[in-house]
Amino acid sequence: YVSYAAAEDAAEGMNLVIENYNKGVQITWQVYTPEEIAENSSLGMVQLFYYPAEGSGGRYAIVVPGNGSTITSEMEEGGSAASQLHAMGYTVFVLRYRSFLDATDNAPLDDIGRAVQFITQNAERFGVQAEGYAITAFSSGGQLAGLFCNEEIGWGRYSVPKPGALLMAYPVINFNEIKLLYHVLMDPGECGWRFYCSSVADVVTDDYPPVYFWYGRDDLTLNLLCWPLQGPTLSKALAAHGVPYKEVVYDHAAHGISLGRGTAADGWLDEAAAFWEEQTK
């Protein structure tokens, strides 16, 4: 699915895929081993879409798109972001992760952890630096990426480098309004912690990576999920812990507009990348 605001950017992302394919580039990479996939077939759909930079040795960004029911937005949001970040000179990996009924037992969080492990272990092959990477996340992908940026339940648990920055567009910070429904659908009968139980604001610590994020006051999705519990709560937590951050709030910026071409949010990724560079220089 592609929204009106993301169509042109998504097309550019698709054309970049075609260009790389014609150059002989391996476009997709499995995150899990064949043995793991044989035991659990749902692991087979977890892939990284690879957009190499023109040069080598630079920083990379991993994109965690949002998801709608059973699919992730790896082209509308992922491909769009990859195309623009590639134009800035970065290598980009877009993650397709498990969602909806396949998101049991914290599966999406594990998918991010394994993806970063895979990139870290193959940094030389991909021509990237393992340190200082950015996570670019959209919508519900923001909640996942936000949890991953906590050392205890995220990057530290997977023994990978700490992210250099977290860059988010219209992130869901708290699933408070629907967490019971998620539990019934995805983890019935289980009583342990699940990713949708936590607000990103509650896992911010003093050593949390720098954060750039934006959202709109008229975002219908965030308003349905209780607007005050979303971006406003995150900014308070980041300020309380002294974490460098930049929050941008637009009066008119809808959910799911990706790079926001032709809207008030147009150009946000350029600003976010500059923030990332400043924080990791």
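Summary table
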quantity	calculated
Strands (runs of 3 or more DSSP E) enclosed by region 13-66 - at least 2 residues per element that are open to solvent by less than 40 Å² (accessible area, probe 1.4 Å) and in contact with a Leu (Cβ under 7 Å, 6 or more places away or on another chain)	47-51, 60-64
ALA272 vs. criteria part of a loop (DSSP other than H, G, I, E, B), touching a strand residue (DSSP E or B) at 6+ places or on another chain (Cβ under 7 Å) and not polar (S, T, N, Q)	no
Test: residue in region 168-188 that is out of contact with any Phe, Trp or Tyr (no Cβ under 8 Å at 6 or more places or on another chain), charged (D, E, K, R), surrounded by fewer than 24 Cβ atoms within 10 Å (Cβ to Cβ) and modelled with pLDDT of 95 or more	no
Total residues in region 137-153, condition more than 14 Å from TYR97 (Cβ to Cβ) and either buried (at least 22 other Cβ atoms within 10 Å of the Cβ) or under 15 Å from the mean Cα position of the chain (by Cα) (or both)	3
Members of region 252-272 found to be open to solvent by 30 Å² or more (accessible area, probe 1.4 Å) and on the phi < 0 side of the Ramachandran plot, listed by number	HIS252, ALA254, HIS255, ARG261, THR263, ALA264, ASP266, ASP270, GLU271
Scan of region 180-206 for residues that are over 27 Å from VAL243 (Cα atoms) and charged (D, E, K, R), ordered by number	ASP187, GLU190
Leading residue by the ranking (farthest from the chain's Cα centre (by Cα)) among those in region 173-211 that are part of a loop (DSSP other than H, G, I, E, B) and of a type in the set (Asp, Glu)	GLU190
Hits in region 1-41 (condition: under 19 Å from the mean Cα position of the chain (by Cα) and of a type outside the set (A, V, I, L, M, F, W, C))	TYR1, SER3, ASP9, GLY13, THR28, GLN30, TYR32
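The values are calculated or read from the model by the stated rules, or taken from the named source; none is laboratory data. Predicted, not measured: the structure shown is a model, and the values here were computed from it. With ideal geometry, Cβ positions are generated from the backbone for all residues, glycine too; neighbour counts draw on all protein chains shown. Protein only, heavy atoms only, side chains kept; ligands, DNA and RNA dropped before computing areas. Shrake-Rupley method; radii C 1.70, N 1.55, O 1.52, S 1.80 Å.
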